[in-house]
1. Being open to solvent by 50 Å² or more (accessible area, probe 1.4 Å) and under 18 Å from residue 107 (Cβ atoms) is the filter here, so list the residues in region 1-23 that pass it.
2. May I ask you to list the residues in region 53-68 that are crowded, with 18+ Cβ neighbours inside 10 Å and part of a loop (DSSP other than H, G, I, E, B)?
3. Restricting the first residue to region 17-43 and requiring it to be among the aromatic types (Phe, Trp, Tyr), which pairs with a second residue that is open to solvent by 70 Å² or more (accessible area, probe 1.4 Å) meet a Cβ separation below 7 Å and a spacing of at least six or different chains?
4. Could you list all residues from region 32-51 that are surrounded by fewer than 17 Cβ atoms within 10 Å (Cβ to Cβ), of a type outside the set (Lys, Arg) and not in a helix (DSSP H, G or I)?
5. Testing residue 78 on (1) without any contact (Cβ under 8 Å) to a residue 24 or more places away in the chain; (2) open to solvent by less than 70 Å² (accessible area, probe 1.4 Å), one condition comes back false. Which one is that?
Amino acid sequence: MDLKTIQAELGLQVQCGAERLVATVTGGYVGDLLSDVMANSAKGQVWVTRQVHQNIVAVATLKELSGIIIVQGAMPDKDTVAKAENEGLPILTTGLSAYEVVGRIYRLLASS
């Protein structure tokens with residue numbers, strides 16, 4: 001499944017990286033502790049977080065994640081969006097909770 005399908009199904013707002021929504025999503029990882037995401041996420045996963053600072057882009061790029069979904073209505077900093085654009089990393093946002101986002105993504109991936 002690609003990130004564009006997840007974006008459409010969940011009604012996520014694209015903050016940057018629209019051209020990379022074709023990226024294949026192999027699974028997901030949810031967490032706000034950067035060291036945990038670095039240690040346990042895997043290439044191709046989409047990261048669900050409440051964090052909005054530039055370091056999320058560095059971690060997602062290092063781990064070759066397909067994109068970042070920021071939850072609970074939080075918006076990425078201007079510098080975060082600029083860095084993500086530079087790296088070609090999609091950042092999407094939603095007012096939904098991490099719990100709901102992860103549950104919906106799990107169902108989508110399980111049915112594909």
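The values are calculated or read from the model by the stated rules, or taken from the named source; none is laboratory data. Keep in mind the model is a prediction, meaning the values are calculated, not measured. Note that each Cβ is placed from the backbone with ideal geometry, even for glycine, and that neighbours are counted across all protein chains shown. In case anyone asks, the SASA skips ligands and DNA or RNA and just uses the protein heavy atoms, side chains included. Shrake-Rupley method; radii C 1.70, N 1.55, O 1.52, S 1.80 Å.
1. Step one: filter region 1-23 for residues open to solvent by 50 Å² or more (accessible area, probe 1.4 Å), giving 1, 4-5, 8-9, 13-15, 18-20, 22.
Hits for region 1-23 are 1, 4, 5, 8, 9.
2. Step one: filter region 53-68 for residues crowded, with 18+ Cβ neighbours inside 10 Å, giving 56-57, 59-60, 63, 65-68.
Across region 53-68, the qualifying residues are 63, 65, 66.
3. From residues that are among the aromatic types (Phe, Trp, Tyr), the pairs are 29/40.
4. 32, 33, 42, 44
5. (2)
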